[in-house]
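The values are calculated or read from the model by the stated rules, or taken from the named source; none is laboratory data. In this text, all values refer to a predicted model and were calculated from it rather than measured experimentally. Cβ sites come from the backbone with ideal geometry, for glycine too, and all protein chains shown count toward neighbours.
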Amino acid sequence: MYANQAAVRIFDFESVEELFQAETFRYVVDLSHYRAIFQKVLSNGEALNEEFDILTTKGKKRHLLYSAALENDIVISTLVDITDRTIAQQEIQKLSSIVSQMADTVVITDIEGNIEYVNPAFEKLTGFTREEVYGKTPRILKSEMHTAEFYQELWNVILRGDVFQAEIVNRKKSGELYYETKTITPIRDAHGVITNFVATGKDNTESRRSERALLQSQQQMEATLNALPDLLFEVDAMYRILDYRAPDQQNLYVKPEEFIGKSIFEALPADAANTIKHTLEDTLHDGKHFGTAYSLTMPDGVRWFELSVSTKPNIGDAPPNFIVLAHDVTERQRSQDLQDVLYTIAEAAQNAQSLQELYPQIHAQIGRVMYAENFYIALLDDAAQVMEFVYFVDENGDEDERVYPIGRGLTSHVICTGKSMLFVEGNERYAGLDVIGAPAAAWLGAPLIARGKTIGAIAVQHYFNTEMYTEREQRMLEFVSSQVATVIDRKQAEGRQEAQQELLEYQYGLVEIMNSISTRFINLPIDQIDAEIDQALGGI
C-alpha cells in the first residue's frame, strides 16, 4: 500500500501512517456512490474522472476528482482536490442562472465591442436571437436618435475604466423604437487590464409611454384651463387657500402672496368669505355645488362671481380639499341690474305724482349701476335756447344758477349733438369746451331724446378718479337716458293735458257765468256789471 503526502493533506491526516491505519472510505459522504465507482474499477479495469465528496478528519467538506486503474490485482487510484474549482464553477453557474433569468437585458462584449453573450431578456426585448447578434456590435440596435458625439462620449467613458449610465433609444429587429436605461461597466482581469464590457439595460418604454400620456393629459388639462376665463382655487378643509390659477391677475381681489396659505376670512371681505364658507359646507355634504354668487368691490367697481365647487379626495382619512371655480358674471349681473333699473324707473313714472317726485327716484336707480353721487338732469327750453337744471345733487353743494344758455359747455355739447360723451380730464379731444362749475376728473353725459327730439341731458361726474367711467358705463347711461327721456316726456305730456283740462274747465265755467248774468246785467251801469263779474269769477 502506498500513499503520498497529497493524499495525507486531502484527508487532513497527520502522517501517511495515520492514513494507512484509517478506513478512508468511511470519510466518503455518499458511500454507495463510492462503492459503485470502485465496482466499476474492478469490473472494467478502470474508472476515469469520477467525482465524489468527503468529510476530512477535521470535518471539512471536499470535492474530489477520482481516477483508478486495475493493474496486477492492484488498484492504483489518483485523487485530485477540485473543491475550489467546483465552488468556482458553482458560482459561475449560479451567476449564469441569475443573468439568464434577469428581467433586465445583459450584453457582454469584448474590448472591441463585439458581442460575446446576450441573455434571454435581450432576445425577448429586441427580437434578435443569440446567434444573430454573436460577434456583431451593438450598432445593430442603433436608432439614429443619438448624435455621433453621444456615442463618442460613451466610448471615452468606458475605455478610461469608468461606468457609463444614460437612457438610450434603440431599435428592435422589427424596427420599433424602445427606451432603455443603460449601464455599461468595464471588466478587468487580474492585472487590471480591461478585457470586456458588461451592459445591463432596463426597458423604460412603457414608463416613457405613461409619461408621455401623462404629459399629454397635463397639456390637455393645461389647454382646457387656459381656455377658461374663470379663477380657480384649491381650498382645504380649514378654508385655507392652497393654490390658485388666474388667467388674468387683474381678476384677483388681492395679490397671490397676500392669500396663499391664508384663510378666506383673511383674504376676502366678511360677506364674500361667509358666502364661500357656506358654499363649501354644502359641497362637503353633496359633493358638488353650483350657482352661488358673491360680490367684491374692485378698483374698477363692483364685480360679481358665481361659484362652482367640487371636492378633491385626499389620501387616507384626511378630509377632502375643495376645487373652487369663480366665474366672473359681472356683465350678466349688470345687465340684470340695468333691466331692473329700467323697469323700476318705468314703474316709478306710473306712481309719481310729479316730475319733482320722479327725479330722485331716477337718481337712485342710476346709482345702482354706476357711481352717481354727483348727478343732474337738465331740460332744454328750445324756444328760449336755455337749459334748466331741474334736478341737481353734488358733493360740492347746490348750484346758484339753475338756468344756463346753450353754449360751449359739456352739457350743451351733448344736447346739441344728441350723442353721449365721456370726458376725462386732460383729454385734448374736448379742448375748447367750457366747464361750468367745479372741474371734474371724469364726466359722463347722455342726451334725453323723446320722439326723435332732444329734450335735455343727464350727467354723472367724479372730481378725483379719471378712471371712474368707461365705455361700459357710457353704454349703460345711454340705455337709461332713453327710458328717462320717455318717462319725462310722458310726465310733461300728462302735465300739459292736466293744464289744458283745467283751462277748458275754466273757460266752460266762464261761459256759464256770462250766460247766467247776461240778461240780469243788461240794464245795469258798467261799473256795477264789472263788480258782479269779478265776484262771480272769484268762485271759479
Leading residue by the ranking (nearest to A318 (Cα to Cα)) among those in segment 269-296 that are in a helix (DSSP H, G or I) and of a type in the set (A, V, I, L, M)
L284
Taking the stated definitions as given, is T183 over 30 Å from L296 (Cβ atoms), out of contact with any Ser or Thr (no Cβ under 8 Å at 6 or more places or on another chain) and in contact (Cβ under 8 Å) with a residue 12 or more places away in the chain?
no
Run down D110, D104 and say which single residue is closer than 26 Å to F122 by Cα, surrounded by fewer than 16 Cβ atoms within 10 Å (Cβ to Cβ), touching a residue at least 60 places away in the same chain (Cβ under 8 Å) and of a type in the set (D, E).
D110
Every residue in segment 131-176 that is part of a loop (DSSP other than H, G, I, E, B) and closer than 23 Å to R208 by Cα, please.
S143, E144, M145, H146, T147, K172, K173, S174, G175, E176
Restricting attention to segment 188-203, does a residue exist that is out of contact with any strand residue (DSSP E or B) (no Cβ under 7 Å at 6 or more places or on another chain), of a type in the set (V, I, T), outside the structural domain of P319 (by TED's automatic domain parsing) and more than 20 Å from H327 (Cα to Cα)?
yes
Over segment 253-267, the set of residues within 18 Å of M298 (Cβ to Cβ), in contact with a strand residue (DSSP E or B) (Cβ under 7 Å, 6 or more places away or on another chain) and hydrophobic (A, V, I, L, M, F, W, C) is F259, I264, A267
Scanning segment 251-293 residue by residue, those in contact (Cβ under 8 Å) with a residue 40 or more places away in the chain and either more than 14 Å from V309 (Cβ to Cβ) or not assigned by TED's automatic domain parsing to the domain that holds E306 (or both) turn out to be N251, Y253
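One line per residue, one yes/no per condition, for (1) touching a Lys or Arg at 6+ places or on another chain (Cβ under 8 Å); (2) modelled with pLDDT of 85 or more; (3) surrounded by 10 or more Cβ atoms within 10 Å (Cβ to Cβ); (4) part of a loop (DSSP other than H, G, I, E, B):
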position	(1), (2), (3), (4)
T195	yes, yes, yes, no
E206	no, yes, yes, no
S210	no, yes, yes, no
L214	no, yes, yes, no
Q220	no, no, yes, no
L225	yes, no, yes, no
Within segment 157-187, tally of residues that are buried (at least 17 other Cβ atoms within 10 Å of the Cβ) and either of a type in the set (A, V, I, L, M) or more than 41 Å from the chain's Cα centre (by Cα) (or both)
5
Unique residue being surrounded by fewer than 14 Cβ atoms within 10 Å (Cβ to Cβ), of a type in the set (D, E, K, R) and at pLDDT 85 or above when the list is E51, E71:
E51
Among the residues of segment 56-107, how many are under 24 Å from R130 (Cβ atoms) and among the acidic types (D, E)?
2
